[in-house]
Every structure is written in C-alpha cells, then in structure tokens.
1. Identify, from the list TRP65, TRP77, the residue that is surrounded by 23 or more Cβ atoms within 10 Å (Cβ to Cβ), more than 17 Å from ASP223 (Cβ to Cβ) and of a type in the set (Phe, Trp, Tyr).
2. Select from segment 165-194 the residues that are farther than 26 Å from VAL241 by Cα and basic (Lys, Arg) and list them in ascending order.
3. Mind checking which pairs have a first residue in segment 247-262 that is part of a helix (DSSP H, G or I) and a second that is among the aromatic types (Phe, Trp, Tyr), Cβ under 8 Å, 6 or more apart or different chains?
4. Those residues that are assigned to a helix (DSSP H, G or I) and under 20 Å from TYR23 (Cβ atoms), I need them from segment 162-186; list them, please.
5. Collect the residues in segment 1-49 that are at pLDDT 75 or above, farther than 16 Å from CYS253 by Cα and part of a helix (DSSP H, G or I), keeping them in residue-number order.
6. What is the number of the single condition among (1) within 19 Å of TYR259 (Cα to Cα); (2) in contact with a Phe, Trp or Tyr (Cβ under 6 Å, 6 or more places away or on another chain) that ARG170 does not meet?
7. Enumerate the pairs (first residue in segment 91-111 and over 17 Å from ALA150 (Cα atoms) and surrounded by 15 or more Cβ atoms within 10 Å (Cβ to Cβ); second residue anywhere and at pLDDT below 80 and among the aromatic types (Phe, Trp, Tyr)) with beta-carbon separation below 7 Å, excluding pairs fewer than 6 apart on the same chain, so at least 6 apart or on different chains.
Amino acid sequence: MPEVDEDVALPVRVLGRFGLVAYGVVHVLIAALVVQIAFGDRERADKKGALAEIGSTAAGVVLLWVITVGLAALVVWQLGEAVLGHRGVPPGQRALRIAINLGEAVIFGVLAYSAASVAAAGGEATPKPSFAQVVLALPGGSWLVGLAGAGLVVGGGYAVWRGVTHGFLRELDLRGVGLNRSRLVTRVGQVGWVALGAVYGIPGVLLVVAAVQHDPAQPVGLDSGLKALAGQPVGPFLLLVLAAGLVAFGVHCLFDARYRRG
C-alpha cells in the first residue's frame, strides 16, 4: 500500500486516502461474490465483477467515477513516493521500496482503468478477450504471460509475508491508539494481507499454466480459479475462508486510510 511522504501534495494524499477506502470497498464486494460462488452461484468473482456490481444502478455509475478518481490519486501518490520518497533509506532498501511503489501504481492504475471502463459502459463489464488470449498470440507471448504469472505469484507471496511479519504496521501511526484497538488493527491486517496474497497468487498460477501449455483457451484470472476451487470437495469451505479474509482486507483499508502516516 502507498506510503506517505511530506513532499507529496496534500490534495493527492487526501484523495489517496479516499482511494484506500474505495480499494477496500472493492475487496469487500469481491468477498460477497466469492460467497455466492461457494453456494453455487456463477457470478463473476473478480475486480471487474465487483465493479459491475457497484455500477448496477445509476447512482452506482456515479460512484464508479468517484472510485476512479480515488484510485487515480493512489497512482499519483505511489509515483510521487517513488520519485520523492524514501530519503535517507539505504540504497538497497530504497530500490526495493521504489519497485514496490511502481508495482502498486500499476495495480491501482489497472483497477482505475477497469472502473472507468465499467462506468463508461453504463455499469456493465463488457466481455473482452483475456490477457492470455491476446498476449499468447504475440511472438514470445508465452514468456510474457509466464513472467506476468510469476510476478503475480511473487506479489502474492510478498503480501502473505507482509501479513505474517506485520510489515504493514510500518506505514501506520498507532500512537495514542488504545491497546485493544491496536491489536484489532494488527489482527485484521494480518488476515487481510494473507487473503490478498491468495487473490494475487491464484491468477498468477493459472497464467503460468497457460504459458507452459501455450493454450489461449486456458481459463485464467481470479474468477476462473475460484470457480475451479468451488468444484473441489473442500472448495466451498476454502472459498468462505477466503471471503472472510477479503472482508478483513477491506476493513484494513479503512484502518489504513484512518491511521496512515503523514
């Protein structure tokens, strides 16, 4: 998640906090769709499915545009941190943090684009060829898809590590917060970040499989992975656990917006 720096303009940081709230709302909606899949529904359980759920009414379309602005602010916030932040940090750590900033800027940018696309379509997630279908048709496409999948798996692993090691607490200012509230923020963040790791890791694995098999028809994405998991003996139970984790991540985003340093 983005890290505040005093050199980043106040309006961008304010909008960025709103973007964190929007990011949390999207993950709570994904959790709701995951629950539906666990009980046999075939709704699309990914970010575009959640955005389409928001845009199902006229007021929801307006909200999608507001979410787009907030997510775009997160992109600017991250890029500002990459350029202006992390001063006084050892070179190796600084390079890592800049890479994280840039990677998260891409994630927020893609989600902002998706929100704008769904809003422009009147709240409908228009079907398009999958990432794998488009890229696998290109020269060297299998390598590109495989690298993208590996990147998602690494990103998922980083999210899990961040949750297990409490790494997210470095970005929060919990001074003056009561012990019980501090423990709640910590536990919610732990569960949420581990669940987020699964959200990135599942489509990452599917992309790697599609690359190895060089099969554009291979189902990829979070939605495909969750529906495949639903067909396994303990799949519905695991989906409910994941949904609970995504709700925790959504709540963590609210805490993040409230207690973010800066």
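The values are calculated or read from the model by the stated rules, or taken from the named source; none is laboratory data. Since the structure is predicted, the reported quantities are computational estimates derived from the model, not experimental observations. In this analysis, Cβ positions are derived from the backbone assuming ideal geometry, glycine residues included, and neighbour counts consider all displayed protein chains.
1. The unique qualifying residue is TRP77.
2. If the condition is that a residue be farther than 26 Å from VAL241 by Cα and basic (Lys, Arg), then ARG170, ARG175 are the ones that fit.
3. PHE249/TRP193; HIS252/PHE168; HIS252/TRP193; CYS253/TYR23; ASP256/PHE168; ALA257/PHE18
4. Hits for segment 162-186 are ARG162, GLY163, GLY167, PHE168, LEU169, ARG170, GLU171, LEU184, VAL185, THR186.
5. Within segment 1-49, ALA32, LEU33, VAL34, VAL35, GLN36, ILE37, ALA38 meet the criteria.
6. (2)
7. none
Yes/no matrix, rows are residues, columns are (1) within 12 Å of HIS214 (Cβ to Cβ); (2) at pLDDT 80 or above:
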{"residue": "ALA116", "(1), (2)": "no, yes"}
{"residue": "ALA119", "(1), (2)": "no, yes"}
{"residue": "GLY123", "(1), (2)": "no, no"}
{"residue": "THR126", "(1), (2)": "no, no"}
{"residue": "ALA132", "(1), (2)": "yes, no"}
{"residue": "VAL135", "(1), (2)": "yes, no"}
{"residue": "TRP143", "(1), (2)": "yes, yes"}
{"residue": "LEU147", "(1), (2)": "no, yes"}
{"residue": "LEU152", "(1), (2)": "no, yes"}
